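Student: The structure's right below; bear with me while I get my questions together.
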Amino acid sequence: MINKRLLVKNLLAHNDENSFYDKKQKISLDNKEGKAKFLKIVCALSNSNPENNSYIVIGVEDQSNSIDGVDFFDDSKIQNLINAYLQNPPKIQYENIPFPTLPRHKVIGLVTIHPNKFVTSLKKGIWKYVKGRIFFRRGSNSMSTLGKFELKSTNKEIVESLEKNASNNIEMTLDGVFEFMKQHKSEYHPTYKVFNEQFVLCWAGKKKKIGDKIFYSRVDIELINEQVRLFYSALDEVKIEFNHTSFRITEYVFLKIKEHFDYYPLEKTVFNFKENGKLDIATEFLFEPPKFEKSILFHVFNNCNTILEKLKKNIQLSEIEEVDLQELPTNYMICALNDIPNAYSKLLETKEYLKNLDDKTTYIKYKEAVRVLRKVNHNQ
């Protein structure tokens, strides 16, 4: 198995950006420009590496190479974006790599672009890039053509060497387990389990009993062998089940409007550990958005807008508004799920104001609300 944290270090230490890897401080997949730029990089690296993996490292400052990190990203539909826009799309994999120097909620994103022996091109236009455009790399530069392009393999030996030097071993695995246990306080019940005598999985979460059910919040799950964070949730409730070959999590979302509240299943993820050393991950989207009376929702929506306007104008909130502020992102999300016009755009407007609050709890709820809505949109 490849230790992905060590692989990232090897990529950053080997050289600057080149024809087999790129680095970005962040990527944005919630607008056409961001999607187009991401597709361009994937297309270019795929065409320049037909016989070996190529990589994108996300969360690294371009000039200084400092590891700044990005938020945990768990969009299992990212391959759908590649398939929708690229002709002869490569298989890609997005993984979240924890680093001990980063806060718990930050990771390094690692995109692996698997080799593809066919020329990849845009099969439809997006942003300023036209249909049929072929991107490729010359050193650190992405270039393009609308004509014929011949695949050439020039990086196979270099990349194989980098991957070999990032191979995991028993010492790294043990160090990873000890590191995980040390990073999580006792109330998060950090533990580990070995699956199929090959995979070492660590997880931690704050236990909560609701009725006859046991949930965990602030759940952190890592595959220690590969140094990959498989799951991270800042607030939501998660149900955990496992046997000797699989580990299953079901994520729930707590939604409340006035006196109406409940825990709603969002998504189930099953990690299947195979005897051949392979890990299969299957996800099932479960969420059925709750419906509330429009009159109640419009009242809540207008109250949220009043608070947002005060934040914009730096006007002090009343005591009641301070309490309502804590649920502002969740309330906007519920309104958006119930098709209240402009609710989603209003939620996005709150980002900079919530980010600057001393208490970051509401900003964390904002990120969770955006994540849930992204999942809903991708699964409709």
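Student: Looking at the stretch 257-280, which of its residues are within 30 Å of Lys291 (Cα to Cα) and within 24 Å of the chain's Cα centre (by Cα)?
Tutor: Residues satisfying the conditions are Tyr263, Tyr264, Pro265, Leu266, Glu267, Lys268, Thr269, Val270.
One line per residue, one yes/no per condition, for (1) under 27 Å from Gly34 (Cβ atoms); (2) in a strand (DSSP E or B); (3) not β-branched (Val, Ile, Thr):
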residue	(1), (2), (3)
Val107	yes, yes, no
Pro115	yes, no, yes
Ser144	yes, yes, yes
Lys152	no, no, yes
Leu162	no, no, yes
Asp175	no, no, yes
Trp203	no, yes, yes
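Student: Which residues, taken from the stretch 264-298, are surrounded by 13 or more Cβ atoms within 10 Å (Cβ to Cβ), more than 25 Å from Asn377 (Cβ to Cβ) and out of contact with any Ser or Thr (no Cβ under 7 Å at 6 or more places or on another chain)?
Tutor: If the condition is that a residue be surrounded by 13 or more Cβ atoms within 10 Å (Cβ to Cβ), more than 25 Å from Asn377 (Cβ to Cβ) and out of contact with any Ser or Thr (no Cβ under 7 Å at 6 or more places or on another chain), then Lys274, Leu279 are the ones that fit.
Student: List the pairs whose first member sits in the stretch 48-74 and is within 21 Å of Arg374 (Cα to Cα) and outside the structural domain of Val219 (by TED's automatic domain parsing), whose second member is of a type in the set (Asp, Glu) and assigned to a loop (DSSP other than H, G, I, E, B), and whose Cβ atoms are under 6 Å apart, counting only residues at least 6 apart or on separate chains?
Tutor: What qualifies is Gly59/Asp68.
Residue by residue, here is whether (1) under 23 Å from the mean Cα position of the chain (by Cα); (2) within 24 Å of Leu279 (Cα to Cα); (3) surrounded by 15 or more Cβ atoms within 10 Å (Cβ to Cβ) holds:
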site	(1), (2), (3)
Lys182	no, no, no
Gln198	no, yes, yes
Lys209	no, no, no
Ala234	yes, no, yes
Thr245	no, yes, no
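Student: Within the stretch 219-245, which residues are of a type outside the set (A, V, I, L, M), in a strand (DSSP E or B) and touching a residue at least 12 places away in the same chain (Cβ under 8 Å)?
Tutor: Asp220, Glu222, Arg229, Phe231, Tyr232, Glu237, Lys239, Phe242
The values are calculated or read from the model by the stated rules, or taken from the named source; none is laboratory data. Bear in mind that the values here come from a model prediction, so they are computed numbers and not experimental data. Heads up, the Cβs are rebuilt from the backbone with ideal geometry, glycines too, and the neighbour counts pull from every protein chain shown.
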